[in-house]
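Data block below; observations after.
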Amino acid sequence: MIRLILYFSLVKEILARYIPERAIDQAFDLIVTCNVHLKIVNERVTRHGDYRRTPDGRHQITVNASLNKYRFLITLIHEIAHLVAFEKYGRFIKPHGIEWKRVFQQLMLPYINPEVFPSKLLPVIANHFKNPRASSDTDEKLSLALKQYDPDNDKSYIFELPFGSTFRLYNGKIFRKGNKKVKRYECVEIATGRVYLFNPNAEVELLH
């Protein structure tokens, strides 16, 4: 019991470093209520966070430490929504189906106010949560709005790059941007000539 109290005390202390101040108490209560084991890890390029149920029955949520406080909060609630949706509707629902969307909307609603998010972010966030997507990164307007609160870096979104420009991925591979096909961009890998489809909000390094 003492160990559990110390753990939750530490969680609240950690949350204070990563999410807006006015969101701490409510997010903490949600973590305690849902019996979440929260892990904050070094940046993973392919995802902001994830949820899984461990073999011993714990609910483990992992979030990237590199996220700004507004994206961190959205990611944390996104993953808790997976937990709640699975517990409420069963493990066979679609991960980002209507049940998850409904739960995500309900859990986020108390945070969508000017005490938590800057006023210029609120309309974009409110619009996003009319029909939340599998990833906030697939919402171009929300990604750009949240990016304003990131530390300065040399990364750009693919949709921002000029047609025909070359860019480098995190793994060093170099591509040339092509046309947009439905929702994603066709890009040619320079070394192999192979064509890959890229999410518009993939962050890359513009070369020329």
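I need the full set of residues from the range 51-76 which are within 24 Å of Val124 (Cβ to Cβ) and either of a type in the set (Asp, Glu) or buried (at least 20 other Cβ atoms within 10 Å of the Cβ) (or both), in order please.
Val63, Leu67, Tyr70, Arg71, Phe72, Leu73, Ile74, Thr75, Leu76 - these are the residues of the range 51-76 that are within 24 Å of Val124 (Cβ to Cβ) and either of a type in the set (Asp, Glu) or buried (at least 20 other Cβ atoms within 10 Å of the Cβ) (or both).
Working only within the range 1-50, note down all residues that are among the small types (Gly, Ala, Ser), surrounded by fewer than 15 Cβ atoms within 10 Å (Cβ to Cβ) and either at pLDDT 90 or above or on the phi > 0 side of the Ramachandran plot (or both).
Ala16
Any residue in the range 166-179 that is hydroxyl-bearing (Ser, Thr, Tyr) sitting within a Cβ distance under 9 Å of a residue that is assigned to a strand (DSSP E or B)? List the pairs, counting only those 6 or more apart or interchain.
Listed pairs, sorted by first residue: Thr166/Ile174; Thr166/Phe175; Thr166/Arg176; Thr166/Lys177; Thr166/Leu206; Tyr170/Glu203; Tyr170/Val204; Tyr170/Glu205.
Filter the range 88-116 down to residues that are in contact (Cβ under 8 Å) with a residue 40 or more places away in the chain and surrounded by fewer than 17 Cβ atoms within 10 Å (Cβ to Cβ) and give me whichever is nearest to Asn153 (Cα to Cα).
Glu115
Residues checked against (1) in contact with a helix residue (DSSP H, G or I) (Cβ under 8 Å, 6 or more places away or on another chain); (2) within 21 Å of Leu67 (Cα to Cα); (3) part of a loop (DSSP other than H, G, I, E, B):
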| residue | (1), (2), (3) |
| --- | --- |
| Asp152 | no, yes, yes |
| Phe175 | no, no, no |
| Tyr185 | yes, no, no |
| Tyr196 | no, no, no |
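Criterion first (out of contact with any Phe, Trp or Tyr (no Cβ under 9 Å at 6 or more places or on another chain), assigned by TED's automatic domain parsing to the domain that holds Leu142 and under 16 Å from Ser136 (Cα atoms)) does Thr33 satisfy it? I'd like the intermediate steps shown before the answer.
Numbers: out of contact with any Phe, Trp or Tyr (no Cβ under 9 Å at 6 or more places or on another chain): yes; assigned by TED's automatic domain parsing to the domain that holds Leu142: yes; under 16 Å from Ser136 (Cα atoms): no.
No; evaluated as a whole, the condition is false for this residue.
Residues to consider are Lys147, Lys173, Lys141, Lys183; find the one that is closer than 30 Å to Phe72 by Cα and over 20 Å from the mean Cα position of the chain (by Cα).
That would be Lys173, the only listed residue that is closer than 30 Å to Phe72 by Cα and over 20 Å from the mean Cα position of the chain (by Cα).
Which of the residues that make up the range 118-150 are part of a loop (DSSP other than H, G, I, E, B), within 23 Å of Ala65 (Cα to Cα) and modelled with pLDDT under 95?
Pro132, Arg133, Ala134, Ser135, Asp139, Gln148, Tyr149, Asp150
The values are calculated or read from the model by the stated rules, or taken from the named source; none is laboratory data. Every value quoted in this text rests on a predicted model; they were computed, and no experiment measured them. Note: ideal-geometry Cβ built from the backbone for every residue, glycine included; neighbour counts use all protein chains shown.
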